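None of the figures in this text is laboratory data; all of them are computed from the coordinates on show. These numbers come from a predicted model, not from an experiment. Reconstructed Cβ throughout: ideal geometry from the backbone, glycine too, with neighbour counts over all protein chains shown.
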Amino acid sequence: MPSLGGLQPEVPCVRCHERIPGLEWGERCPACRAARRRRANRLARRISLLASLAAALLLGLRMTPGANARVWIGVGVLATFLLTRLIVQRIAMELLPD
C-alpha cells in the first residue's frame, strides 16, 4: 500500500535487515535472493551429478548393448540430470537455512 506521499514504504529485508523500497514484508532483498540462488544452484548441481551418475550406471548395466541403447542411455542420463537439478533447486530455494 503506498504511503501518503505516493511513495512505497521501505521495508527491511528478512535476512540482512537492509531497508529496500518496494519490498514486501517477509521477502529477501535482491542481493540476499541472489546469494540464496547461488547456494541452491551449487547444491542442485552436486546432487544432480550424483543422480545422473547413478542413472548412467543403472541404465548401462540394465540395457542390452547396441547403438540405439547408447542413445537411450544418453537421453535418460540427460533427462535425469535436468529434472533432478530443477527439482532440487526449487526445494533448496524454499528450505535452505539463512
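Using θ = phi - 60° in the Karplus curve 6.51 cos²θ - 1.76 cosθ + 1.60, the 3J(HN,Hα) couplings for the range 87-98 round to 5, 5, 5, 5, 5, 5, 4, 7, 9, 5, x, 6 Hz; x is entered for Gly and Pro. With both labels modelled 7 Å from their Cα along Cα-to-Cβ, the GLU18 to ASN41 distance reads 1.8 nm. Counted residue by residue at 0.36 nm each, then reduced by the alpha carbon distance between them, the extension gain from ALA54 to GLU27 reaches 6.0 nm. Most mobile of GLY66, GLY26, GLY74 per a Gaussian network model of the chain (Cα springs, under 10 Å)? Its mean-square fluctuation being the largest, the pick is GLY66. Per-residue ellipticity at 222 nm, computed for the chain from helices alone with -39500 (n - 2.57) per DSSP H run of at least four residues, works out to -23000 deg cm²/dmol. Extending 7 Å from the Cα toward the beta-carbon at both ALA79 and ARG62 defines two label points whose distance is 1.1 nm.
Shown for TRP25, TRP72: other C-beta atoms within 10 Å of each C-beta, ranked fewest to most, produce the order TRP25, TRP72.
Between helix 30-62 and the chain, what is the angle of the helix's C-alpha long axis to the longest principal axis, kept within 0 to 90° and rounded to the nearest 10? For helix 30-62, the angle is close to 10 degrees. Ordering THR84, THR64 by the number of other Cβ atoms within 10 Å of each residue's own Cβ, fewest first, gives THR64, THR84. In this structure the amide hydrogen of LEU23, modeled in the peptide plane, comes within under 5 Å of the amide hydrogens of VAL11, none closer than 5 places in sequence on its chain. Here's how it looks for CYS16: its modeled amide H is under 5 Å from those of CYS29, which are all 5 or more places away or on a different chain.
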